[in-house]
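Worksheet: one structure, shown below.
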Amino acid sequence: MVPVLSGEIAALLTSSIARVRRISYVQPGGVREGDGGPIELKLENGAIFRLESGADGESLRLGVGGWCDPFAEPMSVENREFVARSGKWVAFDVSCESGYKELIGRRVGDLGLLVEFGKIVGADLSFGSTTLRVSVRADELFVELQGGDSCQ
């Protein structure tokens, strides 16, 4: 398992970012909820990585592959009624938004892990003058962009 992870990390460190998506909860009626939720990075080489809260609600999880909407069309009547009542998670391409656009076409120059009590709870990905910090708090992934043209 470690060689696969090493290969995945090597891909993340050697290929430029092509697209950034945020997976956010959308309330019934279409209101996007807050800034929490996973972030997905698609690389120029086609690889896709998701940074998200782990199952324990404290640790950072690195997922490989694009996020799949469990409520994608065609939906059953039961699922359609559930989404209408409760809302659902939706992926948004944020590649052109302030801050995120600074990542497009750039490679990760440095990767630092944030560790607490023996668990990886966050990471800093540096892209020259811009740093993407992801951290898990109370089962939620928070994303912060520092430097560059960020307004996050």
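Brief remarks follow.
- Selection count where residues are modelled with pLDDT of 90 or more, part of a strand (DSSP E or B) and of a type outside the set (Ser, Thr, Tyr), scope segment 11-34: 8
- Every residue from segment 57-76 that is among the charged types (D, E, K, R) and touching a residue at least 12 places away in the same chain (Cβ under 8 Å): Glu58, Asp69
- Filter pass, Ala11 being open to solvent by less than 50 Å² (accessible area, probe 1.4 Å) and within 18 Å of the chain's Cα centre (by Cα): yes
- Hits in segment 16-46 - residues which are open to solvent by less than 10 Å² (accessible area, probe 1.4 Å) and either among the hydrophobic types (A, V, I, L, M, F, W, C) or over 14 Å from Leu132 (Cβ atoms) (or both): Ile17, Val20, Ile23, Ser24, Gly37, Ile39, Leu41, Leu43
The values are calculated or read from the model by the stated rules, or taken from the named source; none is laboratory data. Remember, it's a predicted structure, so these values are computed and weren't measured experimentally. For neighbour counting, all protein chains shown are included, and Cβ atoms are generated from backbone atoms with ideal geometry for every residue, glycine included. These accessible areas exclude ligands, DNA and RNA; they are computed on the full protein's heavy atoms, side chains included. Shrake-Rupley method; radii C 1.70, N 1.55, O 1.52, S 1.80 Å.
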